[in-house]
There are 2 protein chains.
Amino acid sequence: MIVTMMGTIAAVLTTSAMFPQAIRIIKTRDVHSISLLMYLANTFGIVFWLIYGVLLQELPIIVANSIAIIPASVILILKIVLGRNVKK
Amino acid sequence: MIVTMMGTIAAVLTTSAMFPQAIRIIKTRDVHSISLLMYLANTFGIVFWLIYGVLLQELPIIVANSIAIIPASVILILKIVLGRNVKK
């Protein structure tokens with residue numbers, strides 16, 4: 001019971017964490033201080049956490065990473081797209 | 001064997017992901033596009049993942065989050081400190 005609760009709180013926090021970052025970028029169109037390398041590693045890492053969660057049959061890990069992949073990939077795409085516009 | 005490998009790759013990627021972001025901020029002193037809310041949620045979330053990993057006795061989760069807490073809290077502190085300087 002405690003384990004699932006800890007995992008769920010952790011999942012909610014780290015999953016929801018990237019949404020305000022994605023929203024901030026959408027609003028400000030500013031990606032200057034965002035690290036491309038971070039979101040490349042983060043997005044691929046989340047895919048591996050997802051596989052890991054499925055293999056372990058651990059619901060918090062599966063739910064967290066299927067949601068987290070959304071803002072992570074949005075930030076990655078915006079960094080690539082908006083980052084290139086700045087260079088023109 | 002496969003499970004631990006997946007967890008280890010995921011841990012390495014998501015743990016190392018935040019280091020380039022911390023380094024970028026240290027170099028550029030620019031935190032404008034960084035979301036404070038993200039790193040508040042992220043840092044607390046990592047603490048809960050750490051507790052979760054310990055309860056589950058899952059080494060990849062324990063190792064990943066004891067390392068990840070370092071860049072996460074560095075970015076959080078820099079966002080607070082450098083973010084305030086901008087407002088002055």
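Please work out if A:Phe48 is assigned to a helix (DSSP H, G or I), open to solvent by 70 Å² or more (accessible area, probe 1.4 Å), in contact with a Leu (Cβ under 7 Å, 6 or more places away or on another chain) and facing chain B (nearest Cβ under 8 Å).
no
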Can you confirm whether B:Ile9 is more than 14 Å from the chain's Cα centre (by Cα) and surrounded by 18 or more Cβ atoms within 10 Å (Cβ to Cβ)?
yes
Would you confirm whether any residue within the range A:26-38 is within 17 Å of B:Phe19 (Cβ to Cβ) and not hydrophobic (A, V, I, L, M, F, W, C)?
yes
So which residues in the range A:13-35 are more than 7 Å from chain B (Cβ to nearest Cβ), open to solvent by 70 Å² or more (accessible area, probe 1.4 Å) and in contact (Cβ under 8 Å) with a residue 12 or more places away in the chain, if there are any at all?
A:Phe19, A:Ile26, A:Arg29
If B:Gly7 passes every condition in (1) touching a Leu at 6+ places or on another chain (Cβ under 9 Å); (2) more than 20 Å from A:Ile75 (Cα to Cα); (3) at pLDDT 90 or above but one, which one does it miss?
(3)
State the number of residues belonging to the range A:53-80 that are open to solvent by less than 30 Å² (accessible area, probe 1.4 Å) and in contact with a Gly (Cβ under 7 Å, 6 or more places away or on another chain).
3
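The values are calculated or read from the model by the stated rules, or taken from the named source; none is laboratory data. Since the structure is predicted, the reported quantities are computational estimates derived from the model, not experimental observations. Counting neighbours? That spans all protein chains shown, and the Cβs are built from the backbone with ideal geometry, glycine included. Ligands, DNA and RNA are excluded from the accessible area calculation, which covers all protein heavy atoms including side chains. Shrake-Rupley method; radii C 1.70, N 1.55, O 1.52, S 1.80 Å.
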